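The values are calculated or read from the model by the stated rules, or taken from the named source; none is laboratory data. From a predicted model like this one, the values you see are computed outputs, not experimental measurements. Counting neighbours? That spans all protein chains shown, and the Cβs are built from the backbone with ideal geometry, glycine included.
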Amino acid sequence: MQDKARQIKLLVMDVDGVMTDGALTLGDDGQEYKRFHARDGLGLRYLRESGVNLAIITGRTSQVVAKRADELKVVRLYQGRHEKLPAYLEMCKDLNLSPSQTAYMGDDIIDIPILLRCGLAISVADGHDFVRPHAHWVTNKTGGNGAVREACELIMHSQGTLQSIYDEAARI
C-alpha cells in the first residue's frame, strides 16, 4: 500500500459519508447543512501544501459543498453526479493523470466503479459492507470524524513529507 500511496498526485473524495458523517440536516427554508471535521480540513491543507491536489465528486448538489471546496482549494468539483466514473475519467484526462496517480475515498456502492480503477482505493471505517472489500485500505476513523485526515497522513507519510509538513506547522 505504501508503494501505491507514494504515486499519488490527486486525492479525490466523495462528500456525504466521507468528508461528513453522512447525516443530512435540512432547515425549514430547505437549506442544507453539513458538518465537516476541522482536523480533516487541516489534513487536506497539509496534503495540498505537500504537492497533492484535491478533488470532489459527489452525488448531491449543495452550496455548502461548493463553499467548502473553495475553502479547501480543490482543483475540480463535480456535484450531482450519481454516475461518478465519467467525471473521474474526464478529470484524469483534463489533469493529465493516470488513474494510478489518484487516490479515491468513498463509502457507498456508487463509489465502487472509481475504487476499482484508481491507484489507491480508500474506504472509511463505516463504509458500506459492499464497499470495504474493494478498498486497498480502510481507515480506522469514520466518515466526517477524522477519516480524511488519516488518508492525508498515509499519503504524506508514504511520500516522505509528513514529518517536514508537521515540523513546519509546529514552528508557526
Please determine, by comparing only the residues of region 83-113 that are within 12 Å of the chain's Cα centre (by Cα) and of a type in the set (A, V, I, L, M), which one is nearest to Asn140 (Cα to Cα).
Met105
Taking region 74-99 as the region of interest, how many residues are among the small types (Gly, Ala, Ser) and in contact with a helix residue (DSSP H, G or I) (Cβ under 8 Å, 6 or more places away or on another chain)?
1
Would you check which residues across region 154-164 are surrounded by fewer than 18 Cβ atoms within 10 Å (Cβ to Cβ) and of a type outside the set (Ser, Thr, Tyr) and list them?
His157, Gly160, Gln163
Are any residues in region 119-152 crowded, with 21+ Cβ neighbours inside 10 Å, in contact with a strand residue (DSSP E or B) (Cβ under 6 Å, 6 or more places away or on another chain) and more than 20 Å from Gln101 (Cα to Cα), and if so, which ones?
Val131
Would you mind stating whether His128 is at pLDDT below 95 and outside any helix (DSSP H, G or I)?
no
In region 55-106, residues that are of a type in the set (S, T, N, Q) and surrounded by 17 or more Cβ atoms within 10 Å (Cβ to Cβ) total 5
Taking region 48-59, which residues are of a type outside the set (Gly, Ala, Ser) and more than 20 Å from Gly17 (Cα to Cα)?
Arg48, Glu49, Val52, Asn53
All but one of (1) among the β-branched types (Val, Ile, Thr); (2) closer than 21 Å to Val52 by Cα; (3) in a loop (DSSP other than H, G, I, E, B) hold for Thr142; which doesn't?
(2)
Please verify whether region 18-33 includes one or more residues that are over 22 Å from His128 (Cα atoms), β-branched (Val, Ile, Thr) and out of contact with any His (no Cβ under 7 Å at 6 or more places or on another chain).
no
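Within region 1-44, take every residue that is of a type in the set (S, T, N, Q) and surrounded by 12 or more Cβ atoms within 10 Å (Cβ to Cβ) and give me the one that is farthest from Ala66 (Cα to Cα).
Gln7
Could you please find all residues in region 151-171 being of a type in the set (Asp, Glu) and touching a residue at least 12 places away in the same chain (Cβ under 8 Å)?
Once the filter is applied, which keeps residues that are of a type in the set (Asp, Glu) and touching a residue at least 12 places away in the same chain (Cβ under 8 Å), region 151-171 yields only Glu153.
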